[in-house]
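One structure below.
The values are calculated or read from the model by the stated rules, or taken from the named source; none is laboratory data. The shown structure was predicted, so the numbers you read here are calculated from the model rather than taken from an experiment. Virtual Cβ from ideal backbone geometry, glycine too; neighbours counted across all protein chains shown.
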Amino acid sequence: MDEENIRLRATLRRSYFPERETRDYGSAANFAATMRNYVGNSDYWAASYFRRISAEIIDFTICIFLKLFVVLALIELDLIDIEPYHKVIDEDHDIVEFILMTQALLPIEVFCKMLCAVLEALVMAVNIGPCKKGQTPGKWIVGIRVISAENIIDATATSNRYLIYEAKDITLRQSFTRALMKNMIMNSLFPLSTLAFNLNSSRSFYDSLIKTVVVAS
């Protein structure tokens, strides 16, 4: 690592620990080494954009099968009448019938999204089998997890490495908030929602709001 990069990192750390500015560390490199050993600081590799998208695709596939199971269960319990929807696949159907069908299915879609959000939050909030806290099946497969981050002291576009102050396991409240925001807002805006990952520190906007970050596990 060159001296200029070390000096930049040291400057970032001073912004979070101003009381240490008056101390003589001898050089920016010594200051960086001292702050890296500060109690409460933890080093993590940032989860790459490719890994995050791959995890979302895996989790999305699981959710599709879950939605199919829910719909089939509702049909089996006679809570959904599928006869009116047969007209849509006929050759003589019109656009009005299609719109009416999508409107009728909207409550089911909202229910499935809420169910997926609750299940995702519960899975991420506890340890389940090989999945640690902060991991869904997709995140576990690609080797990433979500953690609670009070402050990201060090995050540069070139290093792909975080120095996080007070890094902890994600809480139940953070897990529910994150899952609801992602499933009810982000997924509804796909594919535009993929741009939300390209923010500073490679964090999505909801991660910034609830003080979480996705890192390599």
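So how many residues does segment 37-69 have that are at pLDDT 85 or above, of a type in the set (Phe, Trp, Tyr) and closer than 30 Å to Ser204 by Cα?
3
I'd like the full set of residues that are farther than 26 Å from Ile185 by Cα, surrounded by 14 or more Cβ atoms within 10 Å (Cβ to Cβ) and at pLDDT 80 or above, limited to segment 70-128.
The one that is farther than 26 Å from Ile185 by Cα, surrounded by 14 or more Cβ atoms within 10 Å (Cβ to Cβ) and at pLDDT 80 or above: Ile128.
Can you list residue pairs whose Cβ atoms sit under 6 Å apart, with the first residue in segment 50-71 being under 20 Å from Val142 (Cβ atoms) and the second being surrounded by 15 or more Cβ atoms within 10 Å (Cβ to Cβ) and not aliphatic (A, V, I, L, M)? Count only pairs 6 or more apart in sequence or on different chains.
Every condition considered, the pairs that remain are Ala55/Gly138; Ala55/Lys139; Ile58/Gly138; Asp59/Thr136; Asp59/Gly138; Cys63/Cys116.
Go through (1) farther than 17 Å from Phe176 by Cβ; (2) at pLDDT below 90 one by one and return the number of the condition Val142 breaks.
Evaluating Val142 over (1) farther than 17 Å from Phe176 by Cβ; (2) at pLDDT below 90 leaves (2) as the failure.
For every residue, the table says whether it meets (1) part of a strand (DSSP E or B); (2) touching a Ser or Thr at 6+ places or on another chain (Cβ under 8 Å); (3) modelled with pLDDT of 85 or more.
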position	(1), (2), (3)
Thr158	no, no, no
Leu163	yes, yes, no
Thr177	no, no, yes
Asn187	no, yes, no
Leu195	no, no, no
